[in-house]
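Asks: Sharing a structure below in structure tokens format, with a few things to ask.
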Amino acid sequence: MKRDREGSPEHRRISGPSILDDFRRQNHYEVLNLPVDASPYDVRRAYQEALEIYHEDSLVSYSLFTPWERKEIRARLDEAFSTLIHEERRAQYDRLLGARGKPAAGLPPEGVDPPSVPTLDLEPSGASSKVRGILQEELQARAQASGTVQSLMAQEVITGADLRKVREELHLSLEQIAQQTKIRVQFLRALEADRDALFPSRYHLRSFLKAYLRAMQLDAEALAARYLKRWQQKL
Amino acid sequence: MPYILPIGGGKGGSGKTFLTGNLGLLLAKQGHKTLLFDADLGGANLHTMIGMSHTERSLFDFVTKKVATLQEVVIETPIPNLFLISGAGNPLHAANIGYEQKMKTLKAVAQLPYDYILLDLGAGTSYNTIDFFMLSGSGIFITTPEPTSIENVYRLVRSVYARKMQQLLRGQNPRMPIGDGESLKARVLSHSPEELHAMLQGLESSQNQALQEALRALQFRLVLNQMRKQDNPNLGPLICKVIERHLGFRVTFAGNICLDDRVHEAVCRRLPFLEKYPHSSAAEDLKQVCKNIFMLSREGAG
């Protein structure tokens, strides 16, 4: 029997365009509607909002999706969240995206990634003044005791690698500094990698640098001058 | 040209007539010559909302050619600057108005000399409702924060959008074959927005672009009505987000209107709510919604 090439309406419904088509094409960042440099806090918030929209009993999207579409959405959201919230997995995924030629606006992390932090313990910025207070005193003590910091003050010029060494000695992650200074991790990472080109202006570079140094309870003025000296030489 | 604003919602009782009547009142008070048009042919009751239980003339005097022009069935209301085309006394078969009569009415509406024309549409997604929506590139969807109402609003939103896309695609070369040679017109007849959207991808880029632009020019707004204190105030913005993401077009959130027993009371006493309780919280919400809607439309025009 000759059949319509289009097939039956049921067939068309299954194989035809779906309301989820765009969703299926999107990467983890797009699925959660996030910029590539989103902080762990942003990732969690985006996930929360997505759940509010897509979970089975949600009033927002009631009747818009079939139960199996909802299941698929949920699986994609969960996968995106669990990847992006985990620093190592996220870095891996970023490299994958970069290899596929779809990096978003030029900032896949370069070099070795900083050790992963227990991101689930992080609090939204501004909400942890108490924790920060304790941290500050402790940091001061650590910084004073640190041999690396002393030797830095003796150097005429310091580099991003020196800064990173100090930070690691103080057991601080970039995430923590980002939360306190409200400066995005990408910029902090650029400071430590001497990637000056990323900064919009010299002014930005200097003020970010000082904030970064202050967050570590270091002598911001003195160390910034040493760091910037190298930068001037390079120009 | 008047600014025509259709007001619809999928389900009965969501507040279409309430919003039409009271928006009209606000616009009239601001000095705009405003016409309320009861386009809910089978369930006309807009006249009651603004306190007129009986009207001399109604839309059907025009449809049945008792009078020659639509302007002749316009009646004055007790409120200065506010006019009404009533559906009171529509015959019982009025909901099933024929295609010719409908097109004649639609054309006549667009010619009327008013600043604003607000169309109160019936519930449901019949072509009669949808085509009144299509009369202008804008419109308001109103819903209550209940699954039944939201379900129907999604249905209405998708119907309106699909119909608009059908119109646009038909406006292109209707014989242009797509894919397997089936004519575009045939495929366009009864497809979901997703299928139509996929069809757009098959068009040449210039045509595709023109269509995308036409779709972007549509100005739809969403109003959440009868919000109780415990309801999520963020519901409306989230619905708009979902529509933009999954149905591919923009609906702007225009505001929440809180649940107010005084609305019920005013309607029962057949008094315009805004006249009776001009400073209640629901009235303040209405004013804000009105402001949002017309601020958005001015931005869109400019």
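Asks: So which of B:149, B:136 ends up being in a loop (DSSP other than H, G, I, E, B) and touching a residue at least 12 places away in the same chain (Cβ under 8 Å)?
Replies: Details: B:149 fails: in a loop (DSSP other than H, G, I, E, B).
From the options B:149, B:136, the qualifying one is B:136.
Asks: Among the residues of segment B:188-200, is there at least one that is loosely packed, with under 12 Cβ neighbours inside 10 Å, more than 22 Å from residue A:65 (Cβ to Cβ), touching a Lys or Arg at 6+ places or on another chain (Cβ under 7 Å) and modelled with pLDDT under 65?
Replies: no
Asks: Condition test on residue B:105, is it touching a Gly at 6+ places or on another chain (Cβ under 8 Å) and either surrounded by 20 or more Cβ atoms within 10 Å (Cβ to Cβ) or at pLDDT below 90 (or both)? Break it down into steps so the answer makes sense when it comes.
Replies: Numbers: touching a Gly at 6+ places or on another chain (Cβ under 8 Å): no; either surrounded by 20 or more Cβ atoms within 10 Å (Cβ to Cβ) or at pLDDT below 90 (or both): yes.
Judged against the criteria, residue B:105 is not a match.
Asks: Tell me which residues, restricted to segment B:222-250, are of a type in the set (A, V, I, L, M, F, W, C) and more than 26 Å from residue B:262 (Cα to Cα).
Replies: Passing the criteria: B:238, B:239, B:240, B:242, B:243, B:247, B:249.
Asks: Quick one: which residue in B:79, B:130, B:97 is within 27 Å of residue B:275 (Cα to Cα) and of a type in the set (A, V, I, L, M)?
Replies: Values: B:130 fails: within 27 Å of residue B:275 (Cα to Cα); B:97 fails: within 27 Å of residue B:275 (Cα to Cα).
None of the others qualify; the one that does is B:79.
Asks: Further question: Across segment A:190-219, which residue is nearest to residue A:140 (Cα to Cα) among those that are surrounded by fewer than 17 Cβ atoms within 10 Å (Cβ to Cβ) and among the acidic types (Asp, Glu)?
Replies: A:219
Asks: Also, I was wondering about something else. Within segment B:239-271, which residues are part of a helix (DSSP H, G or I) and under 20 Å from residue B:222 (Cβ atoms)? Reasoning before the result, please.
Replies: The initial filter retains those residues of segment B:239-271 that are part of a helix (DSSP H, G or I), namely B:239-247, B:261-268.
Within segment B:239-271, B:239, B:240, B:241, B:242, B:243, B:244, B:245, B:246, B:247, B:263 meet the criteria.
Asks: Return a yes/no flag: does segment A:183-191 have any residue that is in a loop (DSSP other than H, G, I, E, B) and touching a Leu at 6+ places or on another chain (Cβ under 6 Å). First the steps, then the outcome.
Replies: Of all residues in segment A:183-191, those in a loop (DSSP other than H, G, I, E, B) come to A:183-184.
Filter again for touching a Leu at 6+ places or on another chain (Cβ under 6 Å), leaving none.
The answer is no; no qualifying residue exists.
Rundown of residues vs (1) touching a strand residue (DSSP E or B) at 6+ places or on another chain (Cβ under 7 Å); (2) farther than 30 Å from residue A:63 by Cβ; (3) of a type outside the set (Lys, Arg); (4) touching a residue at least 60 places away in the same chain (Cβ under 8 Å), yes/no style:
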residue: B:41; (1), (2), (3), (4): no, no, yes, yes
residue: B:53; (1), (2), (3), (4): no, yes, yes, yes
residue: B:59; (1), (2), (3), (4): yes, yes, yes, no
residue: B:62; (1), (2), (3), (4): no, yes, yes, no
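Asks: Could you grab me the full set of residues in segment A:40-82 that are crowded, with 20+ Cβ neighbours inside 10 Å and under 25 Å from residue A:190 (Cβ atoms)?
Replies: Answer for segment A:40-82, where residues must be crowded, with 20+ Cβ neighbours inside 10 Å and under 25 Å from residue A:190 (Cβ atoms): A:40, A:43, A:46.
Asks: Restricting attention to segment B:80-102, and to residues there that are buried (at least 21 other Cβ atoms within 10 Å of the Cβ) and modelled with pLDDT of 85 or more, which single residue is farthest from residue B:60 (Cα to Cα)?
Replies: Ranking the candidates gives B:82 first.
Asks: Starting from residues that are of a type in the set (Phe, Trp, Tyr) and under 23 Å from the mean Cα position of the chain (by Cα), keep the ones in segment B:223-282 and report whichever is surrounded by the most Cβ atoms within 10 Å (Cβ to Cβ).
Replies: Of the residues in segment B:223-282, the ones of a type in the set (Phe, Trp, Tyr) are B:249, B:253, B:273, B:277.
Filter once more, so that each one left must be under 23 Å from the mean Cα position of the chain (by Cα): B:249, B:253, B:273.
Details: B:249: 18, B:253: 19, B:273: 25.
Of everything passing the filter in segment B:223-282, B:273 is surrounded by the most Cβ atoms within 10 Å (Cβ to Cβ).
Asks: Between a first residue in segment B:197-217 that is within 14 Å of another protein chain (Cβ to nearest Cβ) and a second residue that is part of a loop (DSSP other than H, G, I, E, B), which pairs have beta carbons less than 6 Å apart while being 6 or more apart in sequence or on different chains?
Replies: So the pair list comes out as B:197/B:248; B:198/A:17.
Asks: Of the numbered conditions (1) among the aliphatic types (A, V, I, L, M); (2) in a helix (DSSP H, G or I); (3) under 20 Å from residue B:246 (Cα atoms); (4) at pLDDT below 90, residue A:73 satisfies every one except a single condition; which is it?
Replies: (4)
The values are calculated or read from the model by the stated rules, or taken from the named source; none is laboratory data. Worth saying up front: this structure is predicted, and the values here are computed from it rather than measured. For neighbour counting, all protein chains shown are included, and Cβ atoms are generated from backbone atoms with ideal geometry for every residue, glycine included.
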